[in-house]
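Asks: Once you've had a glance at the structure underneath, I'll fire off some questions.
The values are calculated or read from the model by the stated rules, or taken from the named source; none is laboratory data. As the structure is a prediction and not an experimental result, all values here were calculated from the model. Heads up, the Cβs are rebuilt from the backbone with ideal geometry, glycines too, and the neighbour counts pull from every protein chain shown.
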């Protein structure tokens, strides 16, 4: 009920449409009751008493009943569906808003497939349950209306029918719990399947290069088999409701035949009353069956809602502590003061006692063996992660005192793992700008030496580059990423292997563009190839999460064994 109440919160803005929908549901229910009731005068007045004058009156009345019922059902469904579609849109919007607001640490711990499953499959289950919910409400009202007809025709028998009613409800509730249990498990498995499919598509070259297609097929089939078993169990309990309802319905009809038949034979009741009771009871039977089927869909939707709200609520534990100051980093120094860092999911200290001061306009290169903490260090500055101890300041102010948006607006990040959108080149270079400045885009592309290959594309700057930029070569993707940073033109640059995907000739050209870009800006440059950072103002040598040494190239050859080792590996022994 808590989950249902929470889902209802999304419908509150449309409560007037829903109230009207319920009113029309009452009209539909009343029409069903009237249909059952009018069997009595049809039989008693026409077939028993032979009243011809009643034929026209009853025919017109029945046509009016069904006309009113049809109009009421249309508005009931239309109002309920349109309001529910708007509410579902709100759920999907909120879910996406929460996901995109979560910090990087959350995505490190969560599979892409699970998130995709929440936004598509789980929200889809809630949406598909709305018609079932509409049907359930309508059938409940119909049963109520028909119950009044039974009570009106025969109070004593009506009370017996009401006493029997809970025996129809109990199996619906019991089976609903089972259906919800196995549907929820199935939804979890769908997340695993989505994750596996995402991995397959993204890693297809790796899979094929290792000729591992058969093993991947086995992995997929295992997950698919697991989902099938869970789905079959949910189907079993769903379909089990049908024979139970059939048996209960047969029992009630038998009671009506015995009770009503004896009353007609003894003269206590008329045939019209008997058949009216039979019709009302029979018309109750179908709504119960439909309620059972609707309940199956609704229980699956409740399971989906639990998973969606679990994700939405989880956001609170990942919330950023955000300041209100606006960050202005031009001409300001950057300082790491006694910084320590550990990932939330690990007790291991990744960065230890980092002290580092970067003056405005300086270029600091960061080098070290793989796993030494280079990328983690630069990820703390834009607050992709927050420090565990210590602080990072810009112009003497703790970066946590700034708004996230203003802080990140001052930083351009070119990563070694290039991400491009399946949009136009214009869109990718100007990403983050509400209005594309085409002149500025071209200037940025020229500075990144991307203009020439762009002009050879079919629609030039309007060319869509495919998912993850797959229509481009690695070097072209890298140059577009650099052009994106040039377009942003912030005071702080973070370059994490920014030229790693380029061939020697392209690297030389782009390196010159980067040098021009970095003039007057504070730059943090991670590089494995020392040839690209020999002219940096300072080189920071990282080793096992600590700073081993800071200095110029010549100094480090003398004072840092790790730097000397890196240099020797790339250039040979020092003369």
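Asks: So residue 376 passes all but one of these: (1) modelled with pLDDT of 90 or more; (2) not in a loop (DSSP other than H, G, I, E, B). Which condition number does it fail?
Replies: The number of the failed condition is (1).
Asks: Tally the residues that are at pLDDT below 90 and either assigned to a loop (DSSP other than H, G, I, E, B) or closer than 14 Å to residue 493 by Cα (or both), restricting the search to region 397-408.
Replies: Result for region 397-408: 1.
Asks: Now for a different question. Can you name every residue in region 498-522 that is surrounded by fewer than 24 Cβ atoms within 10 Å (Cβ to Cβ), at pLDDT 75 or above and either touching a strand residue (DSSP E or B) at 6+ places or on another chain (Cβ under 6 Å) or part of a helix (DSSP H, G or I) (or both)?
Replies: 518, 521
Asks: For region 335-349: of the residues being farther than 15 Å from residue 547 by Cβ and in contact with a strand residue (DSSP E or B) (Cβ under 8 Å, 6 or more places away or on another chain), which is surrounded by the most Cβ atoms within 10 Å (Cβ to Cβ)?
Replies: Within region 335-349, the match that is surrounded by the most Cβ atoms within 10 Å (Cβ to Cβ) is 342.
Asks: Can you tell me which condition residue 324 does not meet? The list is (1) surrounded by 15 or more Cβ atoms within 10 Å (Cβ to Cβ); (2) more than 30 Å from residue 511 (Cα to Cα); (3) in contact (Cβ under 8 Å) with a residue 60 or more places away in the chain; (4) touching a strand residue (DSSP E or B) at 6+ places or on another chain (Cβ under 9 Å), and all the others hold.
Replies: (1)
Asks: Starting from residues that are closer than 30 Å to residue 24 by Cα and modelled with pLDDT of 75 or more, keep the ones in region 118-132 and report whichever is surrounded by the most Cβ atoms within 10 Å (Cβ to Cβ).
Replies: This residue is 122.
Asks: If you don't mind, there's one more thing I want to ask. Across region 524-538, which residue is surrounded by the fewest Cβ atoms within 10 Å (Cβ to Cβ) among those that are within 18 Å of residue 359 (Cβ to Cβ), touching a helix residue (DSSP H, G or I) at 6+ places or on another chain (Cβ under 9 Å) and modelled with pLDDT under 90?
Replies: It comes out as 535.
Asks: When you go through (1) more than 24 Å from residue 294 (Cβ to Cβ); (2) at pLDDT below 70 one by one for residue 115, which number turns out not to apply?
Replies: Looking at each condition in turn, residue 115 falls short on (2).
Asks: Among the residues of region 350-368, write down those that are surrounded by 16 or more Cβ atoms within 10 Å (Cβ to Cβ) and either without any contact (Cβ under 8 Å) to a residue 12 or more places away in the chain or not in a strand (DSSP E or B) (or both).
Replies: Answer for region 350-368, where residues must be surrounded by 16 or more Cβ atoms within 10 Å (Cβ to Cβ) and either without any contact (Cβ under 8 Å) to a residue 12 or more places away in the chain or not in a strand (DSSP E or B) (or both): 360, 361, 362.
Asks: In addition: Could you say which residue among 347, 386 is over 30 Å from residue 465 (Cα atoms) and either assigned to a strand (DSSP E or B) or touching a residue at least 40 places away in the same chain (Cβ under 8 Å) (or both)?
Replies: 386
Matching residues to (1) in contact with a helix residue (DSSP H, G or I) (Cβ under 7 Å, 6 or more places away or on another chain); (2) surrounded by fewer than 16 Cβ atoms within 10 Å (Cβ to Cβ); (3) over 22 Å from residue 520 (Cα atoms):
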site	(1), (2), (3)
372	no, no, yes
385	yes, no, yes
399	yes, no, no
404	no, no, yes
410	no, no, no
413	no, no, no
424	yes, no, yes
430	yes, no, no
